1. When you go through ALA309, ALA271, ALA282, ALA295 one by one, which is the residue that is among the small types (Gly, Ala, Ser), crowded, with 18+ Cβ neighbours inside 10 Å and assigned to a helix (DSSP H, G or I)?
2. For a quick check of your reading of the model, give me the residue pairs whose first member lies in segment 308-328 and is free of Cβ contacts under 8 Å to residues at least 40 places away in the same chain, whose second is assigned to a helix (DSSP H, G or I), with beta-carbon atoms closer than 9 Å and at least 6 apart or on different chains.
3. Got a number for residues in segment 63-81 being in a strand (DSSP E or B) and either at pLDDT below 95 or under 19 Å from ARG292 (Cα atoms) (or both)?
4. Filter segment 289-316 down to the residues that are within 27 Å of ALA228 (Cα to Cα), touching a helix residue (DSSP H, G or I) at 6+ places or on another chain (Cβ under 9 Å) and not aromatic (Phe, Trp, Tyr) and list them by number.
5. Here are some conditions: (1) within 17 Å of TYR192 (Cβ to Cβ); (2) assigned to a loop (DSSP other than H, G, I, E, B). ALA92 meets all but one. Which one does it not meet?
6. Just wondering, is there one or more residues in segment 176-186 that are at pLDDT below 95 and either assigned by TED's automatic domain parsing to the domain that holds PHE303 or of a type in the set (Val, Ile, Thr) (or both)?
7. Cβ-Cβ distance below 7 Å, separation of 6 or more or different chains: which pairs start in segment 81-96 with a residue that is at negative phi and end on one that is modelled with pLDDT of 95 or more and part of a helix (DSSP H, G or I)?
Amino acid sequence: MRPTMRPTVRRIFLALSLAAASGTSVLSSATVAADWPQRPVHIIVPYPAGGSTDLVTRLIAQRLSQSLGQQVLVENRPGGATMIGTGAAARAVPDGYTLLATANVFAVNVLLSKTPSYQVSDFTPIAAMAGYSYVLVVNPSLPVRTVTELIAYAKQQPGKLNAASLGAGGVTHLLTARFEALAGVPITTIDYKGSAPAMTDLLGGQVQMYFDTLITSMPNLRADRLRALAVSTPERSDLLPAVPSFRELGLSGMTQRGWLGLFAPVGTATAVIDRLNRDVRAAVQTEDLRTRYLADGMFELPFTPQEFASFIKDDLKPWASTLRELNLKLD
């Protein structure tokens, strides 16, 4: 039975360090044959199809199918603020045939939940598939064109500003809560199981704002179906040169870089982890993926497994601070 005590940030940091340093070698000889893979590899995505994590994972999976000589299949298992799919991956046999592709909510959810379906120590980081920016987008019917105007509108129309969220404790929820606190405005969050249904309601006007990724928002921004107010990266995006960063607007607390990563159940052989890391990094460096990443506002994070684990620890610090400041909890 899994422990129910909520882990501290220190324990999560330690778990990540141990997983990267030694967790992959304990069961290597017992879990994976030297000629891996001999059958299809499955990547669990704890989000619905159509969102940024799903889209990027499918791009990487296509390249891995070629480099590994076996099918790499993507399985969407959404729900429970990613707990359902991530928990299933944590319980998988560490034989290299079941992996997890997820986003930076991975470690945050464990901090939030009293009864998480997984622990960070259940996984070994493999590779970062992509880095990206978040963008605050609004429905064009909303009579605002800047963040300042959005704040003024929220204050003048209390209770009328709804924001899409991918579930309590998710990055979109935390960014909305952080914005609400920094701007001092009332915002009602509406939870969705994934980016695709959230975007559908944003375009339909059921919700008015959304902290989305550039990956999924760019098609609608290019078609003028959405309006961008600010980006979360320290600098402006080359794709949206007229849109300021939150830092420019004096809201440096909204600065955040997103990431998508690939993980394996702890105990997976070191040789498998290293091969997957090399193949993911090689895939991201191909000309077609570089072109696709640039078009979607993504960027490469060429980490080794150990570097990726350290990156996750650093990324978790501001989220942990936000959780403490806002007293956000699940369960």
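1. So the residue among ALA309, ALA271, ALA282, ALA295 that is among the small types (Gly, Ala, Ser), crowded, with 18+ Cβ neighbours inside 10 Å and assigned to a helix (DSSP H, G or I) is ALA309.
2. Here the result reads none, with nothing in segment 308-328 linked to a residue that is assigned to a helix (DSSP H, G or I).
3. Qualifying residue count, segment 63-81: 0.
4. Correct list: LEU289, ARG290, ARG292, ALA295, ASP296, GLY297, MET298, GLU300, LEU301, ASP315, LEU316.
5. The number of the failed condition is (1).
6. Within segment 176-186 (the criterion being at pLDDT below 95 and either assigned by TED's automatic domain parsing to the domain that holds PHE303 or of a type in the set (Val, Ile, Thr) (or both)), the answer is yes, since at least one residue qualifies.
7. Once the first residue is at negative phi and sits in segment 81-96, its partners that are modelled with pLDDT of 95 or more and part of a helix (DSSP H, G or I) give ALA90/ASP122.
Yes/no matrix, rows are residues, columns are (1) within 18 Å of the chain's Cα centre (by Cα); (2) modelled with pLDDT under 85:
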| site | (1), (2) |
| --- | --- |
| LEU289 | no, no |
| TYR293 | yes, no |
| ASP296 | yes, yes |
| THR304 | no, no |
| ALA320 | yes, yes |
| LEU328 | no, yes |
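The values are calculated or read from the model by the stated rules, or taken from the named source; none is laboratory data. This is a predicted model, so every value here is computed, not measured. We place every Cβ from the backbone using ideal geometry, glycine too, and count neighbours over all the protein chains shown.
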